[in-house]
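Novice: Sharing a structure here in structure tokens format.
The values are calculated or read from the model by the stated rules, or taken from the named source; none is laboratory data. What you see is a predicted model; the values in this text were computed from it and never measured. Here Cβ is always computed from backbone atoms with ideal geometry, including for glycine, and neighbour counts include all displayed protein chains. When the accessible area is computed, the model is the full protein with side chains, heavy atoms only, and any ligands, DNA or RNA have been set aside. Shrake-Rupley method; radii C 1.70, N 1.55, O 1.52, S 1.80 Å.
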Amino acid sequence: MDATPGGQVPSAYNNTGGALPDWLNKGDNAWQMIAATLVGLQSVPGLVILYGSIVKKKWAVNSAFMAFYAFAAVLLCWVVWAYKMSFGEKLLPFWGKAGTVLSYKTLLSQADLPSTVVHHHDGSVETSAIMPLYPMATMVYFQFVFAAITLVLLAGSVLGRMNFRAWMLFVPLWLTFSYTVGAFSLWGGGFLFQWGVIDYSGGYVIHLSSGVAGFVAAYWVGPRLTKDRERFPPNNVLLMLAGAGLLWMGWAGFNGGDPYSANIDSSIAVINTNICAATSLLMWTSLDVLVFGKPSVIGAVQGMITGLVVITPAAGVVQGWAAIILGILSGSVPWFTMMVVHKRWWLLQSVDDTLGVFHTHAVAGFLGGSLVGLFAEPTLCNYFLSVTNEQGAFYGGVGGAQFGKQIAGAFFIVGWNVIITSIILVAIRIFMPLRMSEEDLLIGDDAVHGEEAYALWGDGEKYDITKHGTSELDDTMHGLSLGNASGTGARRLTVEL
């Protein structure tokens with residue numbers, strides 16, 4: 001710390017009691033904790049609200065609770081074993097050694113990603129290990145919220161029918177055997193990191209993996225009821241927009257926090273994120289108007305999400321004009337796969353992906369990861385990447401090789417998630433059903449949790465006089481039943497909304 005002209009250190013930086021070590025940068029630490037909290041707010045309450053409102057009323061509680069549960073479960077697993085599997089010492093080229101991060105000495109030491117040292121072919125050091133200027137506690141929390149939102153996004157594929165007890169087992173197992181592998185391979189110093197595959201903030205680690213794993217999970221769990229697949233209207237579109245807004249604004253922390261510092265690369269990542277999201281939303285809405293004649297609010301939210309996903313692997317390494325191009329593609333390619341390809345390909349038709357996570361995250365994540373191999377700007381790459389002298393194919397030189405690396409990295413993430421997700425779900429199926437019972441599927445939240453989102457009689461609930469008491473509706477129903485009496489007996493009138 002530089003002294004003042006009088007030779008004294010500013011009082012704000014006095015090392016009182018050891019709480020301000022020499023390596024601590026207050027600005028970086030403050031921004032990293034804010035960024036982490038913004039990402040956390042994307043899940044809780046962002047996606048909790050979005051899921052609870054975008055589904056049919058009878059699944060509002062269950063859908064929101066799946067996200068809420070995942071957030072809590074991931075945190076405990078993260079600090080007990082999963083963080084070090086993702087960012088610790090190398091065990092295998094794609095996996096770190098498990099271990100806890102609960103000791104105060106560990107949490108208050110300088111953050112360190114020990115496996116991120118990059119060497120030249122002759123063995124000399126190309127770049128040193130990543131050591132941000134804040135404590136390990138900040139790094140652990142920051143990386144946790146990314147792990148948590150991955151499971152929350154995956155849940156979108158199996159809403160409206162997955163057995164909640166099976167979900168309780170699935171979350172820690174998938175975090176341990178799938179997420180940690182992608183995180184270590186691409187971010188923690190694993191083989192894809194060392195090879196130079198670019199994933200700025202999670203296009204592959206988070207979105208491609210959650211989209212593919214969600215699709216595979218939807219296959220193994222099985223479909224919703226036929227009537228739910230045919231008609232699944234949101235129960236609250238305005239509240240859905242509130243959740244979507246939290247998701248959008250939270251992405252400033254999602255992409256702005258990944259340089260691990262409050263630096264200029266963080267700034268360009270944030271502006272690129274918003275440029276791409278806005279462009280994508282407008283593109284998706286324009287296509288809805290041109291093809292279907294009406295602008296869809298749900299479609300606009302889908303376009304916003306695909307824009308945020310596509311820019312994620314590229315946010316800090318592309319120029320602003322490239323963010324617009326990525327926005328145009330993110331608002332059109334996933335739209336095409338969802339609205340056209342999905343209706344014509346038997347495989348997509350046979351798997352019930354409730355919220356279309358395959359299109360909004362797997363397709364968009366693969367698209368963004370591929371495009372960074374074309375548009376990555378050399379100077380920006382050197383600001384951020386540990387492997388030096390990387391650039392997109394449009395900048396010549398080694399750029400063509402970079403595009404190939406991006407495709408290969410995507411194939412690894414896809415293959416690993418297909419295999420591991422299948423193994424996990426088949427194993428869980430031995431001990432309990434993956435899908436709810438038919439009776440629970442008919443009723444929804446009241447059967448599964450004994451709770452309902454709204455104090456109204458509605459979707460999926462069969463009217464029970466002993467439960468609801470008498471009312472004018474009871475008298476009306478009784479009159480209708482008597483009025484429909486036949487000579488051989490009264491026909492009972494069953495009402496189900």
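Novice: Quickly run through segment 257-280 and pick out the residues that are of a type outside the set (Val, Ile, Thr) and in a helix (DSSP H, G or I). If you could, list the steps in order and put the result at the bottom.
Specialist: Applying the first criterion (of a type outside the set (Val, Ile, Thr)) to segment 257-280 yields 257-263, 265-267, 269, 272, 274, 276-278, 280.
Once the filter is applied, which keeps residues that are of a type outside the set (Val, Ile, Thr) and in a helix (DSSP H, G or I), segment 257-280 yields Asp265, Ser266, Ser267, Ala269, Asn272, Asn274, Cys276, Ala277, Ala278, Ser280.
Novice: Same structure, new question: Would you check which residues across segment 27-43 are hydrophobic (A, V, I, L, M, F, W, C), out of contact with any Ser or Thr (no Cβ under 8 Å at 6 or more places or on another chain) and buried (at least 20 other Cβ atoms within 10 Å of the Cβ) and list them? Break it down stepwise before answering.
Specialist: Filtering segment 27-43 down to residues hydrophobic (A, V, I, L, M, F, W, C) leaves 30-31, 33-36, 38-39, 41.
So of that shortlist, the ones also out of contact with any Ser or Thr (no Cβ under 8 Å at 6 or more places or on another chain) come out as 30, 34-35, 38-39, 41.
Of everything in segment 27-43, those that are hydrophobic (A, V, I, L, M, F, W, C), out of contact with any Ser or Thr (no Cβ under 8 Å at 6 or more places or on another chain) and buried (at least 20 other Cβ atoms within 10 Å of the Cβ) turn out to be Ala35, Leu38, Val39.
Novice: Here's something else I'd like to know. List the helices (runs of 4 or more DSSP H) inside segment 150-247, counting only whole elements, that have at least 1 residues being free of Cβ contacts under 8 Å to residues at least 12 places away in the same chain.
Specialist: Numbers: elements: 164-174, 180-186, 191-195, 209-221, 226-230.
By residue number, 226-230.
Novice: Exactly one of (1) part of a helix (DSSP H, G or I); (2) open to solvent by 10 Å² or more (accessible area, probe 1.4 Å) is unmet by Phe254. Its number?
Specialist: Condition (2) is where Phe254 drops out.
Novice: So is Ala408 open to solvent by 20 Å² or more (accessible area, probe 1.4 Å), in contact (Cβ under 8 Å) with a residue 40 or more places away in the chain, of a type in the set (Gly, Ala, Ser) and not in a helix (DSSP H, G or I) or not?
Specialist: On the way: open to solvent by 20 Å² or more (accessible area, probe 1.4 Å): yes; in contact (Cβ under 8 Å) with a residue 40 or more places away in the chain: yes; of a type in the set (Gly, Ala, Ser): yes; not in a helix (DSSP H, G or I): no.
No; evaluated as a whole, the condition is false for this residue.
Condition check ((1) touching a helix residue (DSSP H, G or I) at 6+ places or on another chain (Cβ under 6 Å); (2) among the aliphatic types (A, V, I, L, M); (3) surrounded by fewer than 24 Cβ atoms within 10 Å (Cβ to Cβ); (4) modelled with pLDDT under 95) across all residues:
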| residue | (1), (2), (3), (4) |
| --- | --- |
| Leu173 | yes, yes, yes, no |
| Thr180 | yes, no, no, no |
| Ala183 | yes, yes, no, no |
| Gly189 | yes, no, no, yes |
| Ile198 | yes, yes, no, yes |
| Ser201 | yes, no, no, yes |
| Tyr204 | yes, no, no, no |
| Leu208 | yes, yes, no, no |
| Val212 | yes, yes, no, no |
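Novice: When you check Ile311 against the structure, is it in contact (Cβ under 8 Å) with a residue 60 or more places away in the chain and under 19 Å from the mean Cα position of the chain (by Cα), yes or no?
Specialist: On the way: in contact (Cβ under 8 Å) with a residue 60 or more places away in the chain: no; under 19 Å from the mean Cα position of the chain (by Cα): yes.
Spelling it out, it is not the case that Ile311 is in contact (Cβ under 8 Å) with a residue 60 or more places away in the chain and under 19 Å from the mean Cα position of the chain (by Cα).
Novice: Spot the failing condition for Gly123; the list is (1) without any contact (Cβ under 8 Å) to a residue 40 or more places away in the chain; (2) within 18 Å of the chain's Cα centre (by Cα), and only one is missed.
Specialist: (2)
Novice: Could you list, in sequence order, the residues of segment 315-348 that are in contact with an Asp or Glu (Cβ under 9 Å, 6 or more places away or on another chain) and open to solvent by less than 10 Å² (accessible area, probe 1.4 Å)?
Specialist: Once the filter is applied, which keeps residues that are in contact with an Asp or Glu (Cβ under 9 Å, 6 or more places away or on another chain) and open to solvent by less than 10 Å² (accessible area, probe 1.4 Å), segment 315-348 yields Ala315, Gly316, Val317, Val318, Ala322.
Novice: Could you list, in sequence order, the residues of segment 284-319 that are of a type in the set (D, E, K, R) and not in a loop (DSSP other than H, G, I, E, B)? Break it down stepwise before answering.
Specialist: So in segment 284-319, the residues of a type in the set (D, E, K, R) come out as 288, 294.
Hit for segment 284-319 is Asp288, nothing else.
Novice: Go through Thr106, Thr138 for me and flag whichever is closer than 22 Å to Ala252 by Cβ, in contact with a helix residue (DSSP H, G or I) (Cβ under 7 Å, 6 or more places away or on another chain) and of a type in the set (Ser, Thr, Tyr). First the steps, then the outcome.
Specialist: Working: Thr106 fails: closer than 22 Å to Ala252 by Cβ.
The conditions single out Thr138.
Novice: Out of Val301, Val270, report the one residue that is closer than 24 Å to Tyr51 by Cβ and either at pLDDT 95 or above or under 15 Å from the mean Cα position of the chain (by Cα) (or both). Even if it seems obvious, please write down each step before you answer.
Specialist: On the way: Val270 fails: closer than 24 Å to Tyr51 by Cβ.
Among Val301, Val270, only Val301 is closer than 24 Å to Tyr51 by Cβ and either at pLDDT 95 or above or under 15 Å from the mean Cα position of the chain (by Cα) (or both).
Novice: Out of contact with any strand residue (DSSP E or B) (no Cβ under 6 Å at 6 or more places or on another chain), hydrophobic (A, V, I, L, M, F, W, C), touching a residue at least 12 places away in the same chain (Cβ under 8 Å) and crowded, with 17+ Cβ neighbours inside 10 Å, is that true of Ile305?
Specialist: yes
Novice: Quick one: which helices (runs of 4 or more DSSP H) lie wholly within segment 47-113 and hold at least 1 residues that are open to solvent by 50 Å² or more (accessible area, probe 1.4 Å)?
Specialist: 60-77, 83-87, 104-107
Novice: Given the residues Thr354, Thr388, which is the only one that is in contact with a strand residue (DSSP E or B) (Cβ under 7 Å, 6 or more places away or on another chain) and either among the β-branched types (Val, Ile, Thr) or closer than 27 Å to Gly156 by Cβ (or both)?
Specialist: Thr388
Novice: Shifting gears a bit: Quick check on segment 420-454: of everything there that is assigned to a loop (DSSP other than H, G, I, E, B) and in contact with a strand residue (DSSP E or B) (Cβ under 8 Å, 6 or more places away or on another chain), which residue is surrounded by the fewest Cβ atoms within 10 Å (Cβ to Cβ)? Outline the logic, then answer.
Specialist: First, pick out the residues of segment 420-454 that are assigned to a loop (DSSP other than H, G, I, E, B): 432-434, 436-437, 444, 449-454.
With in contact with a strand residue (DSSP E or B) (Cβ under 8 Å, 6 or more places away or on another chain) added as a condition, the list becomes 434, 436.
On the way: Leu434: 20, Met436: 25.
Filtering segment 420-454 for residues that are assigned to a loop (DSSP other than H, G, I, E, B) and in contact with a strand residue (DSSP E or B) (Cβ under 8 Å, 6 or more places away or on another chain), the one surrounded by the fewest Cβ atoms within 10 Å (Cβ to Cβ) comes out as Leu434.
Novice: Of the residues that make up segment 118-134, is at least one touching a Leu at 6+ places or on another chain (Cβ under 8 Å), open to solvent by 40 Å² or more (accessible area, probe 1.4 Å), assigned to a loop (DSSP other than H, G, I, E, B) and closer than 30 Å to Ala376 by Cβ?
Specialist: Within segment 118-134, one or more residues are touching a Leu at 6+ places or on another chain (Cβ under 8 Å), open to solvent by 40 Å² or more (accessible area, probe 1.4 Å), assigned to a loop (DSSP other than H, G, I, E, B) and closer than 30 Å to Ala376 by Cβ.
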